[in-house]
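To start, the structure itself, in structure tokens.
The values are calculated or read from the model by the stated rules, or taken from the named source; none is laboratory data. The shown structure was predicted, so the numbers you read here are calculated from the model rather than taken from an experiment. For neighbour counting, all protein chains shown are included, and Cβ atoms are generated from backbone atoms with ideal geometry for every residue, glycine included. Side chains included, ligands, DNA and RNA excluded: accessible areas come from the protein's heavy atoms. Shrake-Rupley method; radii C 1.70, N 1.55, O 1.52, S 1.80 Å.
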Amino acid sequence: MIAHISAFLLTAAFAAPALAGAPACATTEQASNIRAYYEKTRPGVPLAVSSRFFNVPEFVIASGLPASLSVGTAVTPDQVKTIWSSIDAWGATTRVSLVVSPGSKHAFAFPSLVPITQKDAKDGYIDVYADEGRGVHSHIQLDQVAAIYATELADPKPGFKTRAISLFGPDGNLVIGVYASIKSDPFDDKAVAGFERTRALIASMPRICG
């Protein structure tokens, strides 16, 4: 279940994209507003919520957050495979939430087990199936994933965070988000441990926005 979507690109950049074809980063003004929103207005909400509030693609939100909360990289098709393989390692029976938000206008979050990479996908794609094929089936077009972010946003309730690995298209809109936890909702400890490993992997790659 993947949204193939297109929307406008923002032109003024908070920091230049790392690779040609990557989405535009948040401007300095956008970054300031995004940070204030998360600090004072709605701490811990998923990126889709703030994206609708500011009427910008979700990539702009992720890129406008401070580095302590959000780390992202521009990706090649092989790097998409590498990062998703690290999500596979969270475990096939690990509970997560999957988020899609077509056009940054609508948001759908649904519970799932981790979608695991399948063998023998066609060139240019990865197929990821949850629950041994009984759950969600996703077919991700690799050249339409331009950047991946890991975001970790504190909830007002102590001890809870919203933790997401988000894949973004060249237009900055979300392809799919794999959420290890959302605000103060119950979560799987295995998903949180896996998220930390995937976040570290993304952090080891060149940063897309400063």
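Things to note:
- Number of positions in region 52-72 that are outside any loop (DSSP other than H, G, I, E, B), of a type outside the set (Asp, Glu) and either in contact (Cβ under 8 Å) with a residue 60 or more places away in the chain or out of contact with any Ser or Thr (no Cβ under 6 Å at 6 or more places or on another chain) (or both): 11
- Complete set of residues in region 145-182 that are surrounded by fewer than 19 Cβ atoms within 10 Å (Cβ to Cβ) and touching a strand residue (DSSP E or B) at 6+ places or on another chain (Cβ under 9 Å): Ala154, Asp155, Phe160, Pro170
- Condition check for Gly91 on (1) within 18 Å of Ala191 (Cα to Cα); (2) surrounded by fewer than 18 Cβ atoms within 10 Å (Cβ to Cβ); (3) within 16 Å of the chain's Cα centre (by Cα): one failure, at (3).
- The condition (being open to solvent by 30 Å² or more (accessible area, probe 1.4 Å) and either modelled with pLDDT under 95 or acidic (Asp, Glu) (or both)) is satisfied by just one residue among Pro23, Pro43, Pro17: Pro17.
- Scanning region 197-210 for residues that are surrounded by fewer than 18 Cβ atoms within 10 Å (Cβ to Cβ) and over 14 Å from the mean Cα position of the chain (by Cα) turns up Arg197, Ala200, Ser204, Met205, Pro206, Arg207, Gly210.
- Subset tally (residues that are surrounded by fewer than 17 Cβ atoms within 10 Å (Cβ to Cβ) and either under 13 Å from the mean Cα position of the chain (by Cα) or touching a residue at least 40 places away in the same chain (Cβ under 8 Å) (or both)) for region 96-120: 4
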